[in-house]
1. List the helices (runs of 4 or more DSSP H) that sit entirely inside segment 64-120 and contain at least 2 residues that are over 18 Å from the mean Cα position of the chain (by Cα) and over 25 Å from residue 49 (Cα atoms).
2. Within segment 7-52, which residues are in contact (Cβ under 8 Å) with a residue 24 or more places away in the chain, out of contact with any helix residue (DSSP H, G or I) (no Cβ under 8 Å at 6 or more places or on another chain) and surrounded by fewer than 16 Cβ atoms within 10 Å (Cβ to Cβ)?
3. Could you list, ordered by first residue, the pairs with Cβ atoms under 9 Å in which the first is in segment 116-131 and without any contact (Cβ under 8 Å) to a residue 24 or more places away in the chain and the second is part of a strand (DSSP E or B) and surrounded by 12 or more Cβ atoms within 10 Å (Cβ to Cβ), at least 6 apart or interchain?
4. Name the residues in segment 46-60 that are within 12 Å of residue 31 (Cβ to Cβ) and either within 16 Å of the ligand (Cβ to nearest atom) or part of a loop (DSSP other than H, G, I, E, B) (or both), would you?
5. Scan segment 76-86 and tell me whether some residue there is within 14 Å of the ligand (Cβ to nearest atom), touching a residue at least 24 places away in the same chain (Cβ under 8 Å) and in contact with an Asp or Glu (Cβ under 9 Å, 6 or more places away or on another chain).
6. Write out, first by first residue and then by second, each pair whose Cβ atoms fall under 8 Å of each other, whose residues are 6+ apart or on separate chains, and whose first residue, in segment 63-75, is more than 12 Å from the ligand (Cβ to nearest atom) while the second is charged (D, E, K, R).
7. Looking at (1) surrounded by fewer than 19 Cβ atoms within 10 Å (Cβ to Cβ); (2) closer than 23 Å to residue 197 by Cα; (3) in contact with a Phe, Trp or Tyr (Cβ under 9 Å, 6 or more places away or on another chain), find the lone condition where residue 55 falls short.
8. Can you give me the number of residues within segment 157-185 that are part of a helix (DSSP H, G or I), among the β-branched types (Val, Ile, Thr) and surrounded by 16 or more Cβ atoms within 10 Å (Cβ to Cβ)?
Amino acid sequence: MLVTDGIHMVEGVKGANAYLVTGSQLFLIDTGLPGQEYRICHYLNNIGIEPTVLEGIILTHYDVDHVGSALKMQQIAKCPIYAHSIEIPYILGRVKRPGIKRWLPTATRPFYGKLNSPTELYSLSRELGDWEIIHTPGHTPGHIILYRNGIAIVGDLFQGGEIRLAPTYFTWDKDKLRASVQKVIERPLRWILPGHGPATPASSHWLDKLLTFCS
Ligand SMILES: [Zn+2]
């Protein structure tokens, strides 16, 4: 589904939303749970894009419902995978995810298959193509969002619909999360494209509610 300004929400992906962004470069943002590569490729084919023209896969953070199909998509598209440097050891599987998240790949395995970790990731800097990369720690230590012209692809910083925060029991550090929310909502925002829930116009009503949370 084309949301706005050349940005597609990839339909049919289980787990977190995956987005295809077009513009100066073609990127896939997040990849859903394991086993979603066929759904992602099916969507790309439907809109006339060969998966091999993807120039990169960007992971907002290390959770299994975002990174699950990253390795398979990399093998199909033959493109690099990017994440924040703090997040890379977790995504590679060299450092265990903290708390309950350590067990999520095991919990989802009977339904979606084994999480195969990527073997090589590139560290994101502050820009990639025409996107600004903003480090937004809180949900996880190396969580990032992408920002361009009032559009924010926010991973699990916010959920869509009635814009709200991700469940607090999944939060790594609440103080850092507050600071990250503050940093993002100070910017001009037109669209919030979340990992969970629908793409949502960034009305001041919901953003004010988040400001209350931050105070
Ligand atoms: Zn998450």
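Quick note: the coordinates plus some simple rules give every number you see, no bench work behind them. Computed from a predicted structure; not experimentally measured. Cβ atoms come from the backbone with ideal geometry, glycine included; neighbour counts cover every protein chain shown.
1. 104-112
2. 23, 24, 25, 42, 47
3. Correct list of pairs: 125/133; 126/132; 126/133; 126/134; 126/135; 127/133.
4. Result: 54, 58, 59, 60.
5. Scanning segment 76-86, I find no residue that is within 14 Å of the ligand (Cβ to nearest atom), touching a residue at least 24 places away in the same chain (Cβ under 8 Å) and in contact with an Asp or Glu (Cβ under 9 Å, 6 or more places away or on another chain), so the answer is no.
6. Sorted first by the residue in segment 63-75, then by its partner, the pairs are 69/37; 72/37; 73/37.
7. Condition not satisfied by residue 55: (2).
8. Selection size over segment 157-185: 3.
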